[in-house]
Amino acid sequence: MTATATDTTTTLGRDTNQALGVGQFACDFISGNLGNPGSAVEARTIQFFVDSVLCGLSAIAMQTNAPRVLRDEALCYLDDAGATMFGCGTRLATEKAIAANASAVREWDSNGTNFGFNPTLGNTAGEFGHNDFYAVPIAAAQARGLDGAAAVRGMICLDEIRGRLAEVFSLKTYKIDHVVHGAIASAAVYGAMLGATPEQIESAIGMVVAHYTPWRAIRAGKQLSDSKGASAAISTEVAILSMKRSMRGFIGPKDIFRNPEAIWRQFEPTDGDSPFDLTLSHSGDDFAVMGMHFKLGLYEHQSAGALQGLIDLISANPVILEHPESIGEIRIVAYEPAFGIIGDPAKRDPRTRQSADHSMVYIVSTMLRKAVDLAEHHGSGDLSDGNDAWWKLLMLLPEDYGIEAIHNKTTRRLMDLITFEHGGEEYDRRYPDGIPTSITMILQDGTVLESGLVMYPSGHARNTSADLEDILLHKTDMLGQIAMNEAQGTIDQFRSVATMSSEELLHLMDFTIAKRDPVD
């Protein structure tokens, strides 16, 4: 298959130079010569953007380590033609501002997620990734003097490229970190917005893959480090540096997707083609962003099905909160990779926030502990009414991952009651279509309470029962209260990014972030 186009898509065949094709697609889409995304696509993108911003601002307010280090570093790289970072109107080198902002956005592990699942095209590689990269088009627009509409178009393009790559190639299968997809998309969009040629973008993508491929060692270990949360930021930083070098004349490896020594063909050998065709949407409503998922609080996305199952159980069975001492056992069953990532035995005793938010037993126990505490003080009967209200009431927030919370005696007691099992083929085959998980509670008297199989928890793109907008408004409000003393005006500014002039966009980040007690 060679490169082909329809009224809504461009397909870069596996027998073509896809790196050059991605560069051409980005240039055509950013310039407006190609593509007319629907209003729903823009609205959903802005929704993810605002969600990510509030995650970032609250992480900065609570003085989390990696964002603090990268913000201090960025201030050493002043650039009158550069970009700005959250809460600072000073123009900085774009790659440094981007790294600082992307690190903050990702720190809580609470922004959007994709699962690389597109059965319509038969592309179900199932690579996950996150909406960590909106800092790139914002910085590019500020550096080039573009307006907010151009920045949002860049966001759509970036999510499309990285989202479609996640559908056709599973990096995690080969222990490569998923941020490679985002770094490739970042180089393409930044280059296109700064006026690079498709050939220069191809060169930068080649450099990103050949020089800067990160392994999942970033996320391994008994207690995770700052590298886990900052992975996207660091890979994006080098993607922008690669693009800048390419625009200055440096020539990187060409045709990297068909390069026999690059990651694609090393892990999935071919006779000369890349291992996949790549279909990118340019018009209509079927963009990758429309299949991405929201986190309704702070938790690793693989735990969303368990949290939904827990909410279903406690809302249907008041006895759980009226007599929490009656709980004898909690059994969670889920799929791979959830079992391998957040069921790692080392995660049964998390000692750091980064490990706690990747521990199934901790995440579920913390939400249950919050419900128990509330019932003790207010009575279980009047706590909440309906799924959406429960999600808002029990929403996991930064304070739930602080040192005091991690060592909470009730949480630790509940953790000891949990067994986490791999559901085998029955569960595995249902992922990444959904997040197949079930919870069973066995009470001391032998009563068995079951959630049933949860596939599409609240926040999932295919969930149709939750009032997503209402729950997200609550999340925004909670994080906004952490980030700023008067947050609403700033939140409204970010929501209106698509209508901003270039001058307004340049001052988008110029506001004061509160300074709260650290969560760590």
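The values are calculated or read from the model by the stated rules, or taken from the named source; none is laboratory data. As the structure is a prediction and not an experimental result, all values here were calculated from the model. No Cβ is skipped: glycine too gets one built from the backbone with ideal geometry, and neighbour counts run over all protein chains shown.
Observations, loosely collected:
- Arg144 falls short on exactly one of the conditions (1) in contact with a strand residue (DSSP E or B) (Cβ under 8 Å, 6 or more places away or on another chain); (2) more than 22 Å from Lys228 (Cβ to Cβ); (3) basic (Lys, Arg), and that condition is (1).
- Taken together, the residues in region 41-66 that are part of a loop (DSSP other than H, G, I, E, B) and either among the hydrophobic types (A, V, I, L, M, F, W, C) or under 14 Å from the mean Cα position of the chain (by Cα) (or both) amount to 1.
- All told, Thr94 falls short of being surrounded by fewer than 24 Cβ atoms within 10 Å (Cβ to Cβ) and at pLDDT 95 or above.
- Scanning region 67-109 for residues being assigned to a helix (DSSP H, G or I), within 26 Å of Leu397 (Cβ to Cβ) and not charged (D, E, K, R) gives a total of 10.
- Number of positions in region 126-171 that are surrounded by fewer than 24 Cβ atoms within 10 Å (Cβ to Cβ), at pLDDT 95 or above and either touching a His at 6+ places or on another chain (Cβ under 7 Å) or among the charged types (D, E, K, R) (or both): 2
- Taking the listed residues Gly13, Gly38, Gly23, the one that is surrounded by 13 or more Cβ atoms within 10 Å (Cβ to Cβ) and in contact with a Leu (Cβ under 9 Å, 6 or more places away or on another chain) is Gly13, with no other qualifying.
- Close Cβ contacts (under 7 Å, 6 or more residues apart or on different chains) running from residues in region 317-343 that are aromatic (Phe, Trp, Tyr) to residues that are surrounded by fewer than 22 Cβ atoms within 10 Å (Cβ to Cβ) comprise Tyr335/Gly423; Tyr335/Asp428; Tyr335/Arg430; Phe339/His422.
- Residue match in region 360-377 (condition: within 21 Å of Arg331 (Cβ to Cβ) and not in a helix (DSSP H, G or I)): no
- In region 410-455, residue nearest to Ala338 (Cα to Cα) [restricted to those that are of a type in the set (S, T, N, Q) and out of contact with any strand residue (DSSP E or B) (no Cβ under 8 Å at 6 or more places or on another chain)]: Thr411
- Of all the listed residues (Leu453, Leu479, Leu508), the sole one being under 15 Å from Val53 (Cα atoms) and touching a Ser or Thr at 6+ places or on another chain (Cβ under 7 Å) is Leu479.
- Selection status of Phe276, surrounded by fewer than 24 Cβ atoms within 10 Å (Cβ to Cβ) and touching a helix residue (DSSP H, G or I) at 6+ places or on another chain (Cβ under 6 Å): yes
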